C-alpha cells in the first residue's frame with residue numbers, strides 16, 4: 001500500500017521512539033488501547049485521504065432528526081466507504097458543524113447527532129480506515145457564529161470538545177480529533193498578532209482538555225488548526241505548537257489559489273493551466289518547508305484539504321487538474337510525516353470528484369491516479385541534506401511589474417530550517433558584450449533595525465560564464481554603506497546594467513548556506529565555486545531597485561473569495577540632482593560625480609558617459625584626463641541630461 005520510502009521511515013522512527021512505548025495494541029474496532037506509534041508513523045500509515053464534504057459540515061440550514069442532507073448529499077452508507085477503500089483511499093476526514101445541534105446555554109450536544117456521527121465513523125473504521133472528525137463551520141467569515149468570539153469562546157470550546165472526546169474515548173489511534181477549520185479573527189488572509197494569540201491559545205486549550213479526559217485520549221493523535229490553515233502563515237515562528245509528542249498541524253493546500261480555486265472573473269487573478277517545471281518545483285519547495293518546520297521536529301502535517309475547483313464554471317484545464325492531484329498526492333506519499341486529503345463536494349459544490357450515488361469517480365482518470373499513487377507507483381521526491389542547492393532558471397518563477405521582469409527565488413524552505421545564505425554562484429552565457437550586471441534584491445534588517453527593508457547585492461556575469469557574490473552582511477546603495485541581516489524569504493534577480501548590447505542567457509544559480517538543509521534530491525551534484533572571478537567589476541551602478549514583491553495570495557477554500565487583493569508597492573523614484581562645478585575638480589573627482597549622475601538619472605553603460613566611453617574621451621590625446629578635459633566632459637554631460645549648472 002505504501003511506498004518503500006515511507007516503510008523505511010516508519011521502521012527508523014520506531015527505533016527512535018522506543019523510549020515512548022507504554023502500552024500494547026489490540027485489534028478490537030472500538031475499544032483498543034492507543035498504539036505505541038509516533039505521530040509521524042500514524043500519518044505515514046494514513047496513505048491518501050478523502051473528505052466527506054458538504055454533509056455534516058452544512059450550516060445555516062433547517063435540520064430535523066430525519067434530515068441530514070442540508071447541502072444536497074445523501075447520508076453516507078457502508079457501501080460508500082467500502083468502494084472508496086477499493087479505490088485506494090485509506091483515510092477519511094469528516095467535517096462537522098456542531099452549533100445547530102448544541103444547547104446554547106449548557107453547550108451540550110444532541111445525543112442523536114453524536115450517534116449519527118458515530119455511525120459514519122464506524123462505517124469507515126470497518127474498512128480499517130483512519131478517521132478525522134473536526135469542528136468545521138462553528139466559525140465563519142461573516143463573524144456571526146460562536147467560535148468567532150475568539151478567546152471569549154473558550155468555555156463553550158472546552159465543554160464541547162470534552163463531550164466529544166469522552167463520547168469517542170474508547171476508539172483506538174485510528175480516530176483523530178481536529179480542533180478547528182480555517183479560523184481567523186482580525187484578518188484571516190494576513191494573521192495579526194492577535195490572531196496568532198487566539199489560535200495558539202485555543203490549540204493549547206484543546207490539547208490540555210482532550211488529554212484530561214484520559215483513556216485512549218491521553219495518547220490520541222490530535223490535529224491542530226494552522227493559521228487559517230495557510231502554509232506561509234502556519235510556518236511562521238509566531239505559530240506555536242504545544243509541547244506534546246502526539247500532535248499534527250493542519251494545512252490546506254490550494255496553491256496557487258489562482259489556479260486551484262479562482263473563477264475566471266476573480267479580481268485577485270485566474271489561471272486555467274498548471275504543470276510547468278516551476279509549478280512542480282513550487283510544490284516540492286512547499287513540502288520541504290513543511291518538513292523542515294514541523295516534521296523534522298516530530299510534528300506531523302496533514303493537508304486536510306487539497307484539490308482544484310473543477311466545476312464547469314471554473315473552466316480549468318482537465319490535464320492540469322490531473323497533474324496537480326498526482327503531483328501533490330505523490331509528493332505526500334513519498335514524504336514521511338505528511339498526508340494529503342482530497343476535498344470533495346461530491347456533485348454538490350465546486351470540487352466534485354466522487355459520485356456517491358453511483359459509487360464511482362466522475363472523472364475516471366482521477367480514480368486511476370488515486371489508485372496508482374496509493375499503490376506506490378507514483379514518482380515523487382526524496383530528500384537529502386546539503387549546504388548548497390542548484391536551481392535551473394527554467395524552474396524559477398518569473399514575475400513582471402511596471403514593465404520589468406525578474407526571477408523570484410524562494411528562500412523560505414531554507415530559512416525555515418534556520419539557514420542563512422552566505423553566497424550565490426550565477427551561471428550563464430553572455431553574448432554581445434563583456435558583462436551583464438544583476439541586482440539581487442531581498443528583505444533585510446539594516447544596521448540593527450527592527451523593520452525589514454528592501455536591500456540588494458550586485459553581481460556581474462562575464463563572458464567566462466560564471467560569477468559569485470558573497471552575502472557577507474555589508475552592502476551599499478545611494479545612501480551609502482550599510483550592514484544587513486537577510487530575511488530568508490526570497491531573492492529577486494533582475495538585470496540592472498550591461499556592456500553595450502550584451503545579453504545573458506542565465507542557466508542556473510547555486511545557493512550556498514551556512515549549514516546543511518533538507519532539500520529535494522535532484523540526483524545531480526552541485527557545481528563547485530567558479531575557478532576564476534571576474535577580473536574587473538564594471539563601475540556602472542544599478543539603474544533601478546528591484547520591484548517590491550506582491551503581498552501573499554489567499555488560500556481560502558473555494559466557497560469564499562478573498563477580501564484582499566495583492567497590492568504593488570511603487571518603485572522609489574531617484575531624487576533630482578544638481579551639480580556645482582568648481583575649477584579644482586580633477587579627473588577622479590569628475591568620474592565620481594559621473595557615477596552619481598548615472599545612478600540618479602537611470603543612464604545605462606551604452607550611453608555617452610559609459611565607463612569606457614568617458615575614459616577614452618581624452619581631449620589632449622595624452623592618455624590621461626587632466627583638469628581641462630574633466631571639466632569639458634562634465635559640462636557636456638550636465639547639458640546632455642538637463643541638470644542645473646552653477
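Some observations on this one:
- Residues that are within 22 Å of residue 98 (Cα to Cα) and in a loop (DSSP other than H, G, I, E, B) within the stretch 175-204 comprise 179, 180, 181, 182, 183, 184, 185, 188, listed in sequence order.
- Scope the stretch 444-457; condition surrounded by fewer than 20 Cβ atoms within 10 Å (Cβ to Cβ) and in contact with a strand residue (DSSP E or B) (Cβ under 7 Å, 6 or more places away or on another chain); matching residues: 445, 446, 447, 452, 453, 454
- Some residue of the stretch 293-301 being surrounded by fewer than 23 Cβ atoms within 10 Å (Cβ to Cβ), in contact with a helix residue (DSSP H, G or I) (Cβ under 6 Å, 6 or more places away or on another chain), farther than 26 Å from residue 133 by Cβ and in the same structural domain as residue 56 (by TED's automatic domain parsing): no
- From the options 373, 409, residue that is at pLDDT 90 or above and not assigned by TED's automatic domain parsing to the domain that holds residue 505: 373
- Residue count, the stretch 232-248 (criterion: touching a strand residue (DSSP E or B) at 6+ places or on another chain (Cβ under 8 Å) and either crowded, with 23+ Cβ neighbours inside 10 Å or closer than 19 Å to residue 173 by Cα (or both)): 5
- Restricting attention to the stretch 113-152, the residues that are in a helix (DSSP H, G or I) and touching a residue at least 12 places away in the same chain (Cβ under 8 Å) add up to 16.
- Flag for residue 44 being on the phi < 0 side of the Ramachandran plot and crowded, with 22+ Cβ neighbours inside 10 Å: yes
- Residue within the stretch 448-455 that is free of Cβ contacts under 8 Å to residues at least 12 places away in the same chain and assigned to a strand (DSSP E or B) present: yes
One line per residue, one yes/no per condition, for (1) crowded, with 23+ Cβ neighbours inside 10 Å; (2) modelled with pLDDT of 95 or more; (3) at positive phi:
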residue	(1), (2), (3)
201	no, yes, no
209	no, yes, no
221	yes, yes, no
227	yes, yes, no
285	no, no, no
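- Any hit, the stretch 344-367, residues being within 24 Å of residue 282 (Cβ to Cβ), at pLDDT below 90 and surrounded by fewer than 16 Cβ atoms within 10 Å (Cβ to Cβ): no
The values are calculated or read from the model by the stated rules, or taken from the named source; none is laboratory data. Remember, it's a predicted structure, so these values are computed and weren't measured experimentally. No Cβ is skipped: glycine too gets one built from the backbone with ideal geometry, and neighbour counts run over all protein chains shown.
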